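What follows is a set of notes on a single structure, which appears directly below.
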Amino acid sequence: MSFKQYSIGLLFICTFQFLISTIQAQDFFEIDKIATSEANRHQLHFNNTLKSAAETRNYDLKYHRLRWEIDPDTNYIKGEITSYFIPVVSNFNQIYFDLTTSLTVDSVKYHQSLVSFTQLANNSLKIDLPAIISQNNLDSITVFYQGVPANSGFGSFVQSSHAGKSIIWTLSEPFGAMEWWPCKQTLDDKIDSIDVIVTTPKINKVASQGLLVNETDNGTNKTYYWKHRYPITTYLISLAITNYSEFTINANLTQGSLPILNYVYPEDSLTNYSQINLIKPIFELYDSLFTPYPFMNEKYGHAKFGWSGGMEHQTMSSMGSFSEHLMSHELAHQWFGNKITCASWADIWLNEGFATYATGMFYKHLAPAWWLPWRQDMINTVTSLPDGSVYNPDSTSVNRIFSSRLSYKKGAYLLRMLEWKIGEQHFFQGINNYITDVNLSYGYANTQMLKIHLEQVSGIDLTEFFNDWFYGEGYPSYQITWNQQGNDVHFLVEQTTSHNSVDFYEMPIPIYLSGQGFDTTLVFNHTFSGQQFAASIPFLVDSIAFDPELCIISKNNTTVVGVDELFNSAKLIVYPNPTNGIVHINTAAKINSIRVFDEQGQLLNVIIQDNTINLSAFKAGFYFLEIQLEKEIVRKKINKI
């Protein structure tokens, strides 16, 4: 059974075949570096002192005007943050923001009047309001602050350098935003829109979200004004400031031409230009495969920064390099992680698993020579240990949240198996419905919401699938015994599991058969271990292979030729069994051919003369005789001792 290819995939393969030669081996396995770097980065942020204060849950953020003064030569920030909000409770007379105590709040204004505030030891800012604000009433407040941000080491607010020039860049996922500005650091309240206004020395350029609508000279400084009019979660707001070189390329997408704005170091600009141009066919593929680009009214962009990985900041990914693998991963996050964000860290795979799967689609459609190695690497990594679920049961462990093996690779392959189980057409329709669901778009989602969309499109109940592959740990191993009688091929399929959380994985299983210059792939719905299947095949089968296209996570699978005495209508005796080496066949029927296979189903070169088989040169173990008579094939299992 083969999948129908998207027509656009064939176009890309023909037009951009040259991409294959540009991929380096180190790029192909970059997902491990991405995950490791992210885990290292997050480890320094993920502690109780940086988690959002519970008191921030009683209001809904609507808008931020983020005004900053930043000079990359000085590790310092001065800011004026105006926040529009709506109380969701009654008796609302205090508002809290998350802010590290390493920064100093100078004053807070409410309706142009100063109000009292307190910076608390738990890294929260408590502001007392002069009167109760009615529930569901829109209001605003402005915080003035400054100081040296607490730098966790890999992110938040970092001052570094390149070619002797200073750069300041930010990276806030998951809890670093409070280290450089007063915010609401949660996964359940996206800001409807933001304005980012940054004043910096004229030598610099400022990269941020949305559209650059204005640049204003102020003596020796310049002010950059970025406007973003899509909902955004706090950790996706970013700045990158240095003496950037700037260039724009355009991607021809389904809804028109989109600018891809790039800020790169001057010393690397020529090299980066040729590298970044390779994103255009990837962008056009995703735009056709996963619905139109979510931020079409604005832009996409890259900003070089001083970290080895990448970060999918909304409409402006921060990039340590520009390999196709890294660019494809961070671009995919604009759909999966940015337009729709995981509702909790237990569902981080909805961000990282999807982005990893999308990179697989890049290989499949644009660099097909790497499509099989990508699949094999995913499975090899997932099955390198016998345990582990895609579901993350421990949100206190950063290494578990950003596990390359589970959140990234097993999450990606869960999607590939869903595509296999419900069919490519239903899979992509379900994914597109998920992305465009008005209740989820530019908001948050959990795994159940994705499951519902895939079930609605396919008509298949996926509860058992998600219980096994999402919540369950480990993977299956398949043991297949087969034989052929005339045109009938029979299979006995057994299964063992690597972890006791799953007793059996129900899956459609593909089995490839070949012989006499012909081949075919059969698909059986495997619902219990020991299940038997049969099919009529109009050629003599030489060999079989389980799951040659790697549709299923599995390991240590075996296929052996089996003995089925039910089909032995001729009186045929094989002796002695067990044997020390010489085996005789006694039958009145005419024997057309005799073949001998080992336990792995490999055809052996054995001396056969006068219906006598000599196994003396072979090691002890089980062997299978395939004896073709005039009207049937008889298989016998021989034990050589």
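Remarks
- Residues (β-branched (Val, Ile, Thr) and either on the phi > 0 side of the Ramachandran plot or not in a helix (DSSP H, G or I) (or both)) located in the stretch 419-454: VAL438
- For beta carbons closer than 9 Å, sequence separation of 6+ or different chains, a first residue in the stretch 583-598 that is without any contact (Cβ under 8 Å) to a residue 24 or more places away in the chain and a second that is in a strand (DSSP E or B), the qualifying pairs are ALA588/LEU572.
- When the stretch 553-584 is filtered for residues that are crowded, with 16+ Cβ neighbours inside 10 Å, at pLDDT below 90 and more than 49 Å from the chain's Cα centre (by Cα), the ones remaining, listed by number, are ASN568, ALA570, LEU572, VAL574.
Every residue, every condition in (1) at pLDDT 90 or above; (2) within 47 Å of the chain's Cα centre (by Cα); (3) among the hydrophobic types (A, V, I, L, M, F, W, C), yes or no:
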| position | (1), (2), (3) |
| --- | --- |
| VAL596 | yes, yes, yes |
| GLU599 | no, yes, no |
| GLN609 | no, no, no |
| THR612 | yes, no, no |
| LEU615 | yes, no, yes |
| LYS619 | yes, yes, no |
| GLU630 | no, no, no |
| ILE633 | no, no, yes |
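- Tallying residues that are closer than 12 Å to THR233 by Cα and among the acidic types (Asp, Glu) within the stretch 330-344 yields 0.
- Taken over the stretch 116-136, the residue count meeting the criterion of being part of a strand (DSSP E or B) and hydroxyl-bearing (Ser, Thr, Tyr) is 2.
- Per the conditions (1) touching a Phe, Trp or Tyr at 6+ places or on another chain (Cβ under 9 Å); (2) over 25 Å from TYR413 (Cβ atoms); (3) β-branched (Val, Ile, Thr), the sole criterion not satisfied by VAL438 is (1).
- Breaking point among (1) at pLDDT below 95; (2) among the polar types (S, T, N, Q); (3) surrounded by fewer than 18 Cβ atoms within 10 Å (Cβ to Cβ), for SER107: (1)
- Sole exception among (1) surrounded by 22 or more Cβ atoms within 10 Å (Cβ to Cβ); (2) more than 20 Å from GLU173 (Cα to Cα); (3) of a type outside the set (Lys, Arg) for SER288, by number: (1)
- Residue selected from the stretch 294-309 under the condition out of contact with any strand residue (DSSP E or B) (no Cβ under 7 Å at 6 or more places or on another chain) and modelled with pLDDT of 95 or more, by the criterion farthest from HIS325 (Cα to Cα): ASN297
- Within the stretch 177-222, no residue satisfies the criterion of being surrounded by fewer than 16 Cβ atoms within 10 Å (Cβ to Cβ), within 19 Å of GLY79 (Cβ to Cβ) and under 30 Å from the mean Cα position of the chain (by Cα).
- So GLN531, is it of a type outside the set (Ser, Thr, Tyr) and at pLDDT below 95: yes
Results for (1) assigned to a strand (DSSP E or B); (2) free of Cβ contacts under 8 Å to residues at least 24 places away in the same chain, shown as yes or no for each residue.
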residue	(1), (2)
ASP461	no, yes
PHE470	no, no
SER501	no, no
SER514	yes, no
THR520	yes, yes
PHE528	no, no
ALA535	yes, no
ALA545	yes, no
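- Flag for TYR225 being farther than 21 Å from SER308 by Cα and either in the same structural domain as THR100 (by TED's automatic domain parsing) or buried (at least 20 other Cβ atoms within 10 Å of the Cβ) (or both): yes
- Filter result for the condition that a residue is touching a residue at least 12 places away in the same chain (Cβ under 8 Å), crowded, with 18+ Cβ neighbours inside 10 Å and in contact with a strand residue (DSSP E or B) (Cβ under 9 Å, 6 or more places away or on another chain), over LEU629, LEU615, LEU603: LEU615
- The one condition from (1) loosely packed, with under 15 Cβ neighbours inside 10 Å; (2) at pLDDT 95 or above that ASP547 does not meet is (1).
This table checks each residue for (1) in contact with a Pro (Cβ under 7 Å, 6 or more places away or on another chain); (2) surrounded by fewer than 20 Cβ atoms within 10 Å (Cβ to Cβ); (3) outside the structural domain of LEU385 (by TED's automatic domain parsing).
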| position | (1), (2), (3) |
| --- | --- |
| VAL438 | no, yes, no |
| THR447 | no, no, no |
| ASN467 | no, yes, no |
| PHE491 | no, no, yes |
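- Scanning the stretch 65-99 for residues that are assigned to a strand (DSSP E or B) and small (Gly, Ala, Ser) gives GLY79, SER83.
- Residue within the stretch 115-133 that is over 20 Å from SER52 (Cβ atoms), touching a residue at least 60 places away in the same chain (Cβ under 8 Å) and more than 30 Å from the chain's Cα centre (by Cα) present: no
Residue by residue, here is whether (1) within 17 Å of LEU289 (Cβ to Cβ); (2) in contact with a strand residue (DSSP E or B) (Cβ under 9 Å, 6 or more places away or on another chain); (3) hydrophobic (A, V, I, L, M, F, W, C); (4) buried (at least 20 other Cβ atoms within 10 Å of the Cβ) holds:
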| position | (1), (2), (3), (4) |
| --- | --- |
| HIS365 | yes, no, no, yes |
| TRP374 | yes, no, yes, yes |
| GLY388 | no, no, no, yes |
| SER397 | no, no, no, no |
| ARG405 | no, no, no, no |
| TYR408 | no, no, no, yes |
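- Enumeration of residues in the stretch 343-363 that are buried (at least 24 other Cβ atoms within 10 Å of the Cβ) and not in a helix (DSSP H, G or I): ILE348
- Just one of the listed residues (THR142, THR186) is part of a strand (DSSP E or B), among the β-branched types (Val, Ile, Thr) and under 25 Å from SER90 (Cα atoms), namely THR142.
The values are calculated or read from the model by the stated rules, or taken from the named source; none is laboratory data. Quick caveat, the model's predicted, so the values are computed rather than measured. A quick note on method: Cβ atoms are made from the backbone with ideal geometry, for glycine too, and the neighbour counts reach across all protein chains shown.
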